[in-house]
Amino acid sequence: MNSMLLKSTLPALIALTISAAPTAALEQNCRFIQAKSDREACYKRQEEELAAKRKPAASPDGGTTLETLRQLRQDDDAVYRSINNICRGC
């Protein structure tokens with residue numbers, strides 16, 4: 001039983017380690033650059049890359065956001081109405 005567990009989790013752990021390694025290496029490369037201007041340029045590139053990854057994708061239709069907010073408001077109102085019927089002092 002233990003060998004089956006080890007055989008199934010070992011490839012998953014190896015894949016996770018390999019996929020996480022490039023990200024960690026990317027962040028640490030700038031630290032070892034000796035020239036200050038090159039090191040700062042490296043940090044700036046990394047900062048721009050992270051900002052690009054964190055930037056939310058632009059929605060193709062701007063109207064869907066407003067419609068989504070309206071739907072959320074309607075759902076919230078329905079929940080508030082149902083909560084209002086609950087006896088709080090019982």
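The values are calculated or read from the model by the stated rules, or taken from the named source; none is laboratory data. All values derive from a computational prediction rather than experimental measurement. FYI the Cβ positions are ideal-geometry reconstructions off the backbone, even for glycines, and counts take in every protein chain you see.
Just checking, does the stretch 2-16 include any residue being modelled with pLDDT of 80 or more, assigned to a helix (DSSP H, G or I) and exposed (fewer than 10 other Cβ atoms within 10 Å of the Cβ)?
Step one: of the stretch 2-16, the residues modelled with pLDDT of 80 or more are none.
Within the stretch 2-16, none of the residues are modelled with pLDDT of 80 or more, assigned to a helix (DSSP H, G or I) and exposed (fewer than 10 other Cβ atoms within 10 Å of the Cβ).
Restricting to the stretch 44-83, count the residues that are modelled with pLDDT under 80 and either within 30 Å of CYS30 (Cβ to Cβ) or in a helix (DSSP H, G or I) (or both). Before you say what the answer is, go through the steps one by one.
Residues of the stretch 44-83 modelled with pLDDT under 80: 56-64.
Cutting the leftovers down to either within 30 Å of CYS30 (Cβ to Cβ) or in a helix (DSSP H, G or I) (or both) gives us 56-58, 63-64.
Number satisfying all stated conditions: 5.
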